[in-house]
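S.K.: To start, I am sharing the structure in question, which I have written as structure tokens.
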Amino acid sequence: MEKIEFDFTKDGPILVKKDGKIEFALCRCGHSAKKPFCNGAHVQAAFKADEHRLELK
């Protein structure tokens, strides 16, 4: 069975991982021009958020 993880990075995007490999990064700052994907706009927007991980098994 595949292991799916959502890594909410500090001050950055949500990294979606499958079996430990990054599949894509999701925007959580709301400023990305490529929503729902991250384009790095969180840096310029000075987005602040804590990190945590969610694992689906």
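Every number here is computed from the coordinates shown, using simple stated rules; none is lab data. The structure displayed is predicted, hence computed values, not measured ones. Heads up, the Cβs are rebuilt from the backbone with ideal geometry, glycines too, and the neighbour counts pull from every protein chain shown.
S.K.: Being at negative phi, of a type outside the set (S, T, N, Q) and part of a loop (DSSP other than H, G, I, E, B) narrows it down to one of Ala46, Ala25, Ala33, so name that one. If you could, list the steps in order and put the result at the bottom.
M.R.: Numbers: Ala46 fails: at negative phi; Ala25 fails: part of a loop (DSSP other than H, G, I, E, B).
Answer to the selection: Ala33.
S.K.: When the residues of the range 13-22 are narrowed to those that are within 12 Å of the chain's Cα centre (by Cα) and in a strand (DSSP E or B), which ends up farthest from Met1 (Cα to Cα)?
M.R.: Filtering the range 13-22 down to residues within 12 Å of the chain's Cα centre (by Cα) leaves 13-17, 22.
From the residues that got through so far, the ones that are in a strand (DSSP E or B) too are 14-17, 22.
Details: Ile14: 22, Leu15: 20, Val16: 16, Lys17: 14, Ile22: 17 Å.
Checking each candidate, the answer is Ile14.
S.K.: Restricting the search to the range 28-39, which residues are of a type in the set (Gly, Ala, Ser) and more than 14 Å from Ile14 (Cβ to Cβ)? Explain how you work it out, then say what you get.
M.R.: From the range 28-39, those of a type in the set (Gly, Ala, Ser) are 30, 32-33; that's our starting set.
Selection gives Ala33 alone.
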